[in-house]
Structure formats: C-alpha cells, structure tokens
Amino acid sequence: MVMESNSCPGLCAPQDRLRVNIDGNIFLVDKNLLDDHCEYFRALFRSGMRECQQGEIHLQSVGVLGFLVMLQVLYGDQPILNSDQIVEAIECTAFLHVPALSKHLNNIIDSDNCVLMYHTAATYGAWEIYHHSALFIRDMYSDLQSAVQTLPKQLVEHIESLSPSSYMAMCSHSPSSELLPDSQRTICYLDEEDKEWKVYTHLPANISTTMAGVAVLDNKLYIIGGVHDVSKKVAETGFCYDPMSNTWTTFCGPQRPRYNFSLIGLKGCLYAVGGEYELNALSSMERYSVSNESWRFVSHLPCPVASVAFAVAMSRIFICLWKGQGASDIYEYVPEKDQWILVTTLIRDRSYALCMVAHKDNLYVMRNGPCGDFLLCAMDCYNLSLKQWTAMLGQYGNSKGSLFTAAVRGDSVFTLSRKVTTEYTIEANRWRTKCEMRGFGRIGSIYTFLMRLPKATISPTGRHPSLSQCQNVEVVADGPKYPMRCSENL
C-alpha cells in the first residue's frame, strides 16, 4: 500500500520526497518536513552514510498508526487518539524523537488515557510524556487510585513520591513597612482534607500585589508591577518565589511601566499583556525570557485593554476581548509568528466576559448573567477542535459569591469567593459540583493559581501538615530578608 502525504503533491519536487517503508506500507513524505521536525531523520540526512542518499528508508521500530499520527501532527492537525494510536504514537516519538508529537501527546493527557500513557512512556523511554502523565495522575490520585494500583510497583512509588498541585490564593496589597507590618500579606493554600484555607508564607514587605501581574511558570510564582498607593505609582521590580528553595528573588520589570495587566507564563517566557499607565489603557505586550533575563516588545494587541481574560489551552495563548454590544472576540497569540489571530466571536446580549479557563481543547468563558447580574455567572464553551460554541447548563455563582477566578487541575476546576470555595468536576455540558469548602475570607481582589509545594510541607497522602517545619524565607538580590510565618489559619 502506498500512502502519499497530502502536503507533498505540488509542494515539493520528486527529489525532495522520501519513501518510508513500514511493514510494506509506503509513505511518500517531504524530506524537508522530516528534517525540520524529526531528530532521527535529521541525523540520518546529515550523517553522510549511504542511507541518506537512498530514496526509500525502512523503519523497523515504528508502527503504521504511530507514523500516521506523527504526520497528522506535523501538518498542523491535533487528532484525538484511541488507545492503539496512543501506544504507537508514543513508540514513534520515542524512536524518532519528534518534539511536536511529544507536545501533542502531553496536551491530550486526560483521566481516560493518563495511566496508559504513563505506563507506555515508561516502557519506551519517552521521558517527557512519562513526567507529564505522572504529574497528571498525582493531581487526580484519589480518583485514579484503583487504576494506578494495576501498574508495576516502581511506577506507583514514583507517582506517590511526587507533590500534587495545591490551590493557592492571595489578595491585593500595597507595600508595607517594618513600622506598620500587615499580617494579612500572605500566600495561602487550600487544605483539601480540612476543607479550609491556611497560610503558607508571607509576602516580602516591598512587594505590591495591587493591580499587579501574577503568574506561575515552571512552578515558580512571578509578581510584576502593581502600584504603591492611590497615586498609582508603578512598582518597577519584579519578584519570583521558588517554593522548592523557599526563596524570593528580584528581576527587572517590563520596559513599559504598567499596572492592571494580565501576566501569562508559557514555555520559559512571561507575557505582560496590555494594562494601564497614567489612567490610559495599553495595547502593547512584552515578553520576558527567563533564561535570558530580558524583556522585549512583541506584537501589539488588537486594541488597548486592561485586565483582559485569558487562558492557555493545548500550550496556546488565548485572550477574550470585549467589543461592546454583547460581543467578545477570542484571539490567539502565536509566538512563532509573533501574531494575533482572531479565532471566534461570542455574542451574548448585555454580557461581559469576566474570566476564562481552559481544559483540554475547550475554552470556558464565564460572563455576567441576565440583565447584567454579576452574581449569576453564565458560561459558554468553545471547542478548538470542532470550532463551535456550546452554552453550558446552569448558573455558576450565587448569593454566596460570584465566579471571577478559577483554576483547572486535572479534570476538576476550583473557584472561590469570600464565603465558599467550590471544586467542580468538568463534564461534557456542565460543571458538576464535587465539593464545597470554606471561602477565602479576605478583602481586596483575589489572585488564584496552582503550585506544587515541596515534600517537606506535604505528607505522602497529599495533606499539608503544620508548616512549623518550614525554613525561613529570604529575599535574594536587592530585597530584605523576610521570615516565613509557619502555622496560621485564616
């Protein structure tokens, strides 16, 4: 059987096409495509060996299904895979070393396939997929425990050695002073066993979280910008907290002073999106490379905007821009092209997007309810693969408080208000209430995020013991030393 890549005809000369033979199945593939995306073929083509001059290559350790999935991904598709395809795709990326395929497999990990992915990745040595699937399982361990126990003992022990993601929260605070310390300047975590919020650490005195950009990247918390007081003087220093070393470090803030902006972390970079300065909304965006420790301006937003709703889905950045008259545009930022692309438009009468989160290939947009009722949040879901909107059943938010912030962990989503913290199970056409816990009873705007806290502060069952065992926090660089408060409930 001969299978011809749909991107080869008319796009590459015959001498640029390679016949790939897998168990008698012939694939005609663009050599440049393989050279660009596949480390195995790149090394082969540049080796000077006889095989690099041949028009046909026989692959012995790759299955037909896995190679077909690889081609789909390299041509821009994001296929949903069954069990057989997953196994062969992992085998394919482990043997051929295809980063794009590994990335796609990481993006589609869910509760139905995570155990299979974990076991298969361990078998073939696909360590990136092994790591991501293990973390996913750890976050949903109580729901998956029976399936996990069917795995080899060493694989189970590895999962149990990991730290689960903790739901974290903090409020907006201006910088304090040693003369007037503020005991409320804390970062808190949700103790899911006790169903209440507890203090994890205190913020250094010189950090402002008022109208700041807050994001987690590679399990480190970044706080940038913010204002000092009602004068809205912008804080120029950025702060980074590493829970594993229990230290704060400082770095330079964006080139353009800004506050009330959105901060997004993805692939080793932070994106400062829009915001305000001197009461004017901004359309500029800057990217900070953590490895290079430098900021640079990238493509401007389609319009000036402050505190824009955003989400990261399938390792892609999306924002929701309100157009007025009940219409909201969803844009995607493509870093490789440094370009904003209009994805879709949501039209809901007299409705404004308040928050957006992502789960697998779905974007969930929370908006104020009928007649502008901000205590009754309606929700719509946009599926990136099917390119269609679905109105979700039910109202999210009630007399206990509105849904303005949310964080997805595994197949659950956590939301909070000052009176109640709710964990929902994400289902096809609704979020089903799974558990209600104590609310976050603090004043001011609330920031929420997920972080993996070190094993020193988490027991093997996932419960946080008393934090009195923690070390002191030190601010490194130009900040002062600041002690951690270790055992305090809200």
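The values are calculated or read from the model by the stated rules, or taken from the named source; none is laboratory data. If you're wondering where the values come from, they're calculated on a predicted model, not measured in any experiment. All Cβ positions, even for glycine, are placed from backbone atoms using ideal geometry, and neighbour counts span all protein chains on display. Keep in mind that these areas ignore ligands, DNA and RNA; they rest on the heavy atoms of the full protein, side chains included. Shrake-Rupley method; radii C 1.70, N 1.55, O 1.52, S 1.80 Å.
Kindly establish whether Trp248 is surrounded by 23 or more Cβ atoms within 10 Å (Cβ to Cβ), under 20 Å from Asp139 (Cα atoms) and not charged (D, E, K, R).
The answer is no for Trp248.
For His97, indicate whether it is buried (at least 17 other Cβ atoms within 10 Å of the Cβ), at positive phi and modelled with pLDDT of 95 or more.
When the stated conditions are applied, His97 passes them.
Does Lys233 count as of a type in the set (Lys, Arg) and either surrounded by fewer than 16 Cβ atoms within 10 Å (Cβ to Cβ) or more than 26 Å from Gln255 (Cβ to Cβ) (or both)?
yes
Go through the residues of the range 430-441 one by one and say whether even a single one is in a loop (DSSP other than H, G, I, E, B) and loosely packed, with under 15 Cβ neighbours inside 10 Å.
Yes - at least one qualifying residue is present in the range 430-441.
Going by what's in this entry, would Thr201 be described as under 24 Å from the mean Cα position of the chain (by Cα), polar (S, T, N, Q), part of a strand (DSSP E or B) and crowded, with 18+ Cβ neighbours inside 10 Å?
Against the criterion (under 24 Å from the mean Cα position of the chain (by Cα), polar (S, T, N, Q), part of a strand (DSSP E or B) and crowded, with 18+ Cβ neighbours inside 10 Å), Thr201 qualifies.
Collect the residues in the range 213-237 that are within 27 Å of Tyr189 (Cβ to Cβ) and modelled with pLDDT under 95, keeping them in residue-number order.
Hits for the range 213-237 are Gly225, Gly226, Val227, Ala235, Thr237.
Tell me, please, whether a residue that is of a type in the set (Ser, Thr, Tyr), in contact with a Lys or Arg (Cβ under 7 Å, 6 or more places away or on another chain) and part of a strand (DSSP E or B) can be found in the range 315-338.
Checking the range 315-338: not a single residue is of a type in the set (Ser, Thr, Tyr), in contact with a Lys or Arg (Cβ under 7 Å, 6 or more places away or on another chain) and part of a strand (DSSP E or B).
Only residues in the range 94-106 that are closer than 12 Å to Trp127 by Cα and hydroxyl-bearing (Ser, Thr, Tyr) count as the first member; pair them with residues that are open to solvent by 20 Å² or more (accessible area, probe 1.4 Å) and in a helix (DSSP H, G or I), Cβ under 6 angstrom, at least 6 apart or cross-chain, and list the lot.
Ser102/Glu128
What is the residue count in the range 278-294 for residues that are open to solvent by less than 30 Å² (accessible area, probe 1.4 Å) and in contact with an Asp or Glu (Cβ under 9 Å, 6 or more places away or on another chain)?
Number satisfying all stated conditions: 1.
Looking at (1) in a loop (DSSP other than H, G, I, E, B); (2) under 20 Å from the mean Cα position of the chain (by Cα); (3) not aromatic (Phe, Trp, Tyr), find the lone condition where Asn206 falls short.
The failed condition is (2).
Quick one: in the range 46-59, which of the residues that are at pLDDT 75 or above and touching a helix residue (DSSP H, G or I) at 6+ places or on another chain (Cβ under 9 Å) is farthest from Asp16 (Cα to Cα)?
Per the stated criteria, the residue is Leu59.
All but one of (1) under 30 Å from Asp191 (Cα atoms); (2) touching a residue at least 12 places away in the same chain (Cβ under 8 Å); (3) open to solvent by 70 Å² or more (accessible area, probe 1.4 Å) hold for Tyr130; state the number of the condition that does not hold.
Just one mismatch for Tyr130, condition (3).
Looking at Val69, Val62, Val115, Val73, which one is surrounded by 15 or more Cβ atoms within 10 Å (Cβ to Cβ), in contact with a helix residue (DSSP H, G or I) (Cβ under 7 Å, 6 or more places away or on another chain) and outside any helix (DSSP H, G or I)?
Val62
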